[in-house]
């Protein structure tokens, strides 16, 4: 009886197991374009796929042809993760973005005129891409 009581005390007093830390979703991978909103108005996407590589480069494709490629820098540790698309060549524009990944869905908000959007929702001076992860 004392053994049972002692075991119960140890089990009840033991610290609870912690959940495993949540794995951060990474922007690295291929993304299929689902929709685009330019300045708050639904638009027709000129691209059908984006690819972000672990080496800090990305490419935008349409029907298998590369439309654009460049470098990017992202910070997923801030409250509203950021992504900066860097100029590919002299005279090109830097694009300041915010993004959110929910499971296999990427929302990418691209600011116009070198201004980072304050939110992810479509609006003035912002292009919002909605994409889904391409699983291989």
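Values computed for the structure shown
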quantity: Residue count, region 60-73 (criterion: crowded, with 16+ Cβ neighbours inside 10 Å and under 23 Å from residue 90 (Cβ atoms)); calculated: 3
quantity: Restricting region 33-49 to residues that are without any contact (Cβ under 8 Å) to a residue 40 or more places away in the chain and not in a strand (DSSP E or B), the residue that is surrounded by the most Cβ atoms within 10 Å (Cβ to Cβ); calculated: 47
quantity: Condition broken by residue 69, with the remaining ones in (1) over 23 Å from residue 132 (Cβ atoms); (2) outside any loop (DSSP other than H, G, I, E, B); (3) modelled with pLDDT under 95 satisfied; calculated: (1)
quantity: Some residue of region 53-60 being in a strand (DSSP E or B), at pLDDT 95 or above, touching a strand residue (DSSP E or B) at 6+ places or on another chain (Cβ under 7 Å) and closer than 23 Å to residue 42 by Cβ; calculated: yes
quantity: Answer residue from region 50-59, given it is under 14 Å from the mean Cα position of the chain (by Cα) and surrounded by 14 or more Cβ atoms within 10 Å (Cβ to Cβ) and is farthest from residue 104 (Cα to Cα) among those; calculated: 58
quantity: Conditions (1) surrounded by 15 or more Cβ atoms within 10 Å (Cβ to Cβ); (2) not in a strand (DSSP E or B): number failed by residue 79; calculated: (1)
quantity: Pairs with Cβ under 6 Å, 6+ apart, first in region 61-84 and in contact (Cβ under 8 Å) with a residue 40 or more places away in the chain and on the phi < 0 side of the Ramachandran plot, second assigned to a loop (DSSP other than H, G, I, E, B) and surrounded by 13 or more Cβ atoms within 10 Å (Cβ to Cβ); calculated: 74/27
quantity: Among the residues listed as 116, 100, the single one being surrounded by 14 or more Cβ atoms within 10 Å (Cβ to Cβ) and either at pLDDT 95 or above or under 21 Å from residue 62 (Cα atoms) (or both); calculated: 100
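Residue-by-condition table, conditions (1) assigned to a strand (DSSP E or B); (2) more than 19 Å from residue 25 (Cβ to Cβ):
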residue: 92; (1), (2): no, yes
residue: 98; (1), (2): yes, no
residue: 107; (1), (2): yes, no
residue: 113; (1), (2): no, yes
residue: 117; (1), (2): no, yes
residue: 123; (1), (2): no, yes
residue: 128; (1), (2): yes, no
residue: 131; (1), (2): yes, no
residue: 136; (1), (2): no, no
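The values are calculated or read from the model by the stated rules, or taken from the named source; none is laboratory data. Remember, it's a predicted structure, so these values are computed and weren't measured experimentally. With ideal geometry, Cβ positions are generated from the backbone for all residues, glycine too; neighbour counts draw on all protein chains shown.
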